[in-house]
Amino acid sequence: MASHHNERPEEEEFEEEILEEDDAAEEIDNQDDDVPMDSDYDDEEEVIILQNDSVAHFDRHTDSVFSITSHPRLPNIIATGGGDDVGYVFDSAVQSPVLPASYSTPPQEPERQSIEALAKLDGHSDSICAIAFTQPAGQYLVTGGLDGRLRVWKGSNDGRQWKPHAAAQEVEEINWIATSKLTSQPNAFAVGASDGSVWVYQVCEGASNDEKLVPIQTYFPPASASSTAGAWSPSGVLLATVSDDGSFNVYDPFGEAAAKGLVPASGQQSLVSLGHGDERFRVEGGLFSVTIGPTGSFAAMGGADGEIKVVGMPRPATPGAKGKAGAANPGGQLLASLNVQKDSLDETPAASIESIAFAAPSVGLMAAACVDGSISVFDTSRNFALRRYIQNAHDGEAVISVKFVGGGGNGDWLLTSCGYDGVIKRWNLRGGAAVGAGAQSTSVEDLREKGLVGEWKGHRGGGEGGGVLGFVQHGDRSGNWVVTAGDDGVSLIFLTPVG
């Protein structure tokens with residue numbers, strides 16, 4: 001209300017009025033239906049409705065969960081690394097009740113307890129930003145931290161007991177760890193560091209630390225830019241890496257490719273090396289993600305400003321019909337340069353590609369997650385033509401990771417995504433033409449038209465501090481379980497029976 005009623009004429013005289021006793025006891029009706037001030041305040045309080053679709057949780061971390069991995073042989077065994085400088089191993093298997101809770105008399109909802117840790121992974125003095133089980137049997141678990149320390153843990157056959165096995169520290173910060181599936185070199189893995197170096201190790205049995213953690217190769221690219229991501233070929237033979245200076249390299253750590261006629265150029269460590277020297281490959285702001293396709297014939301990498309580069313991988317000579325051998329392919333050809341954001345009608349500034357995933361070869365799809373909140377889907381069999389463009393896939397927040405469910409059947413068409421909105425989403429990418437890049441998705445109905453078939457909530461959400469920083473999924477071809485790494489310090493287990 002205006003304040004004019006508080007103004008009084010300067011010369012107006014006021015007489016002191018004394019309330020009679022009867023008048024003081026008189027009740028005055030509230031004819032204007034006013035309510036007490038504290039009630040007005042209560043009415044204005046925001047009501048927050050929390051939704052938790054998870055069936056179990058793990059909350060031992062006291063800071064963000066930065067990394068997560070699942071055991072290759074026992075997928076219910078999960079390992080996480082956090083901003084609290086420790087990691088944990090826990091069993092995500094949940095026993096489903098025979099009857100739903102509504103059949104209880106009366107229905108009861110007891111307070112749910114956190115899953116207990118099987119092992120605590122300590123020994124780091126800074127955040128554990130990378131974690132991985134070795135291939136092919138998950139015999140060892142490797143953790144890498146921003147303290148530059150690399151620690152290896154040996155597990156029991158059932159994956160429920162873990163003890164320190166070996167350790168090393170050669171760099172200031174470790175950015176990523178990737179494990180090789182090459183069966184002739186079991187328990188081998190690569191590490192990328194902030195100084196740009198890439199280290200390849202093999203974990204072995206031995207009496208001393210040096211015998212337990214054996215360096216196989218060390219690569220020092222010419223530039224000192226940070227190594228931001230790495231990925232092995234499906235066979236585990238070749239290693240592809242990217243850096244924040246926009247460079248891309250492919251290495252042959254075990255000499256398998258060299259034995260088949262593929263060798264680096266004179267004076268080079270890598271089979272393929274691309275960077276700022278080739279203007280067609282130039283990516284301002286650097287590269288931050290890399291994945292090799294399921295056939296091993298090409299690699300896709302994502303960078304700043306929404307750039308995606310697809311490059312041919314080295315291929316050894318193959319025997320042909322009637323004894324004619326196919327020539328070896330040295331790789332390095334730029335197959336596609338994609339940027340849906342710059343091609344769109346939206347004026348939102350382009351943002352980096354955080355994750356790239358490939359579907360099974362029979363499906364031929366590639367999906368990319370972007371910080372601007374979009375998911376782009378490309379057809380690898382049609383020169384990487386845009387198949388679907390999903391804007392606002394995670395309520396305007398950044399999309400952090402995408403993975404295809406796989407396993408055959410409908411699972412090969414299902415894509416799982418997570419974002420800073422704290423939600424896990426599932427998309428069916430079967431059928432449909434490319435969605436127009438200028439069409440904003442503003443409702444659940446819009447997203448369903450673009451393939452949304454399920455979503456699961458439980459994390460705090462609301463952007464940084466409440467999002468999902470990563471996830472693993474396991475089960476049958478319908479992707480039965482998803483386990484998350486939450487920026488809120490919690491891992492949630494979701495039952496995701498969308499097939």
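The values are calculated or read from the model by the stated rules, or taken from the named source; none is laboratory data. Computed from a prediction, not measured in an experiment: that's the story for all the values here. In this analysis, Cβ positions are derived from the backbone assuming ideal geometry, glycine residues included, and neighbour counts consider all displayed protein chains.
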Filter result for F254 (farther than 30 Å from D91 by Cα and under 23 Å from the mean Cα position of the chain (by Cα)): no
Only residues that are outside any strand (DSSP E or B) and either in contact with a Ser or Thr (Cβ under 9 Å, 6 or more places away or on another chain) or within 10 Å of I356 (Cα to Cα) (or both): list them for region 284-301, please. G285, G286, G293, G296
Suppose we keep only residues that are of a type in the set (A, V, I, L, M) and surrounded by fewer than 21 Cβ atoms within 10 Å (Cβ to Cβ) within region 232-261. Which one would you say is farthest from G303 (Cα to Cα)? A259
Any residue in region 213-236 that's at positive phi: show its pairings with residues that are surrounded by 21 or more Cβ atoms within 10 Å (Cβ to Cβ) and outside any strand (DSSP E or B) at Cβ separation under 8 Å, as long as the two are six or more apart or on different chains. G236/Q135; G236/S180
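So that you can scan it fast, the table gives a plain yes or no per residue for (1) under 15 Å from H71 (Cα atoms); (2) part of a loop (DSSP other than H, G, I, E, B); (3) within 21 Å of the chain's Cα centre (by Cα):
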| site | (1), (2), (3) |
| --- | --- |
| A137 | yes, yes, no |
| K154 | yes, no, no |
| N157 | yes, yes, no |
| E172 | no, yes, no |
| S184 | no, yes, no |
| G192 | no, no, yes |
| V200 | no, no, no |
Where in region 374-446 are the strands (runs of 3 or more DSSP E), entirely inside, with at least 2 residues that are farther than 25 Å from N480 by Cα and at pLDDT 95 or above? 375-379, 385-390
Does A130 count as touching a strand residue (DSSP E or B) at 6+ places or on another chain (Cβ under 7 Å), at pLDDT 95 or above and buried (at least 20 other Cβ atoms within 10 Å of the Cβ)? yes
Would you mind stating whether D195 is surrounded by fewer than 23 Cβ atoms within 10 Å (Cβ to Cβ), charged (D, E, K, R) and either farther than 25 Å from A485 by Cβ or in contact with a Pro (Cβ under 9 Å, 6 or more places away or on another chain) (or both)? yes
Among (1) under 19 Å from V472 (Cα atoms); (2) among the aliphatic types (A, V, I, L, M); (3) surrounded by 20 or more Cβ atoms within 10 Å (Cβ to Cβ); (4) over 19 Å from the mean Cα position of the chain (by Cα), there is one condition L118 misses while meeting the rest; what is its number? (3)
Within region 62-74, work out how many residues are under 15 Å from A137 (Cβ atoms) and either crowded, with 18+ Cβ neighbours inside 10 Å or at pLDDT below 95 (or both). 4
Does region 212-233 contain any residue that is in contact with a Lys or Arg (Cβ under 8 Å, 6 or more places away or on another chain), among the hydrophobic types (A, V, I, L, M, F, W, C) and more than 22 Å from L262 (Cβ to Cβ)? no
Name the residues in region 339-362 that are part of a loop (DSSP other than H, G, I, E, B), aliphatic (A, V, I, L, M), in contact with a strand residue (DSSP E or B) (Cβ under 8 Å, 6 or more places away or on another chain) and modelled with pLDDT under 95, would you? A351
Selected residue (only one of E172, E116, E111 is closer than 29 Å to L287 by Cβ and charged (D, E, K, R)): E172
Given A225, A193, A229, which one is at pLDDT 95 or above and over 15 Å from T291 (Cα atoms)? A193
